[in-house]
1. What is the sum of charges, Lys and Arg at +1 and Asp and Glu at -1, for the other residues whose Cβ falls under 12 Å from the Cβ of Ile413?
2. Please report Tyr434, Tyr38, Tyr155, Tyr196 as a ranked list, fewest other C-beta atoms within 10 angstrom at the top and most at the bottom.
3. In the structure shown, do any of Lys210/Lys347; Lys229/Lys351; Lys84/Lys188; Lys30/Lys367 have a Cα-Cα gap over 26 Å, and if so which?
4. Calculate how large, on average over all directions, the projected area of the Cα convex hull of the stretch 188-438 is; give the answer in nm² to one decimal.
5. Can you tell me the order of 13-26, 231-244, 438-451 when each peptide is scored by its average per-residue count of other Cβ atoms within 10 angstrom, highest first?
6. Could you order peptides 118-125, 392-399, 299-306 by the average number of other Cβ atoms within 10 Å of their residues, highest first?
7. Tabulate in residue order the Karplus-calculated ³J(HN,Hα) for the stretch 380-393, using 6.51 cos²θ - 1.76 cosθ + 1.60 with θ = phi - 60°, rounded to whole Hz; enter x for Gly and Pro.
8. So what's the net charge close to Glu159: Lys and Arg +1, Asp and Glu -1, counting the other residues with Cβ under 14 Å from its Cβ?
Amino acid sequence: MATVRSQIGLIGLATMGQNLGLNIAEKGFKISIYNRTYAKTENTLQRASEEKVAANMSGYEHLPDFVQSIAKPRPIILLIQAGKPVDQTIEQLLPLLEPNDIIIDGGNEWYANTERRAALVASKGVRYVGMGVSGGEEGARHGPSLMPGGPFEAYQVIEPIVKRIAAQVNDGPCVTYIGAGGAGNYVKMIHNGIEYGDMQIIAEAYDILKNLGGLTNEELHQTFTAWNKTELQSFLIEITARIFSVKDEDGQSYVVDKILDKSGSKGTGKWTVQEAAELAISAPTMASALDARYMSALIDQRKVASAVLQGAIAVPAVDKASLINDVAHAMYVSKICSYAQGMNLIKEAGKVHKWNLNLGEISRIWKGGCIIRAIFLDRIKGAYARDANLPSLLLDPEFASELNVRQTALRRIVSLAAISGISAPAFSASLAYYDQFRRSRLPANLIQAQRDFFGAHTYERIDRSGVFHTEWSK
């Protein structure tokens, strides 16, 4: 049996697991690692040697030896494919664990699965933490944003480790205790839904600038580079600027132009939209981003349709500089709308599940490490610092003032795209969200009349209280 006593263990040595393990070792913590295929364990140990952190890492071929190598209470991170593989691993792991040991699921897992598993392992006295990990390969290696949820006592055990390995920003490490149950996985899910919206907004900006503004890849690179020095500064804007500068092997053409226009997804965007429907929270920007990915998959059908269905008869001429300026403002307004939708979802889920979520602190830990990290998040943190019970980011005085100025640019971009036959679902959905939210009266009165007509669903009135029904056919 092993004699080394590590402070933490990690199961799953694909890209994310391997990099997070190396991060933990580099920060001075002793870690035991295990993978179902031992070759990956050996590969990770080789990397640890090359990166001079081998002294803090021990690899094991057999699961019992791995478990015994960890000091009690044993915290063990799982970084494996969500779903059945997690259940199978827990089934193998549980007989080897003891009361107060901690299983930490770091995958993109459906929060209800986390709560189900927590109840299962609790029967043996084992604690379960669902911890969102964002930042991709680079973040895992050098500092991700971490969103742990579950028993607070379990978080206290791992707190010294997660605070050291997380991304570090000006106001602390990008980790905080999110809340009980599946709160950590839930917040990570919404993070990914916002990420979908951000990426679609950027893709539409690219489409409009390229196809209506005629910007070359070099001009796009310059534009996004300049934007990354403004309030749009973010990881996604930064990497987009870089993408436009990368040439193909021939040294002439650009890689981005050779990539098939079919985007994938791993489920968190879909779960976010499903949750929005479940909680009756409007989330059109994120939903439009998900729909756009589904539409992108219809390549063969779109090729046929392009030869059959007509678009714009004439595309209006545009001033390049004015277009770039308007697109920047349109992106900012859409971004506010998208984040407002995401934070509303988190807030409502917190109420329903009694998670006692801190929206300002959640926005703070997204400032570094994660995919949606942006200077913009300081503004969101400030908004919730001013009013912890803010009904919507759109109603924060600072954001509202900016929206009032910039919304005209979003209108011009949406109008231009529609006239020109360029689809801009995220821009359009954001504008519709903004306009619906700002109107004191919507045409839902007619919908209620229709529902009452065909189903006697009743309605309320604006001139007196009570519930009413009309015999419309009379």
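1. Value of the local net charge: 0.
2. Working: Tyr434 20, Tyr38 14, Tyr155 23, Tyr196 28.
Listed from fewest to most nearby Cβ atoms, that is Tyr38, Tyr434, Tyr155, Tyr196.
3. Values: Lys210/Lys347 38 Å; Lys229/Lys351 37 Å; Lys84/Lys188 20 Å; Lys30/Lys367 28 Å.
In this structure, Lys210/Lys347; Lys229/Lys351; Lys30/Lys367 lie more than 26 Å apart at Cα.
4. On the way: hull surface 57.4 nm².
The Cα convex hull of the stretch 188-438, projected and averaged over all directions, gives 14.4 nm².
5. Working: 13-26: 22.7, 231-244: 18.1, 438-451: 10.7.
Highest to lowest by the protection proxy: 13-26, 231-244, 438-451.
6. Numbers: 118-125: 13.9, 392-399: 17.8, 299-306: 10.1.
Per-residue mean Cβ counts within 10 Å order the peptides as 392-399, 118-125, 299-306.
7. Working through the residues one at a time gives 5, 4, x, 4, 6, 5, 6, 8, 5, 9, 3, x, 7, 4 Hz.
8. Residues near Glu159 contribute +3 overall.
Read the figures in this text as sums done on the coordinates, not as results from a lab. As the structure is a computational prediction, the values presented were derived from the model and not from experiment. Because the Cβ atoms are built from the backbone with ideal geometry, glycine has one as well, and the counts that use them run over all protein chains shown.
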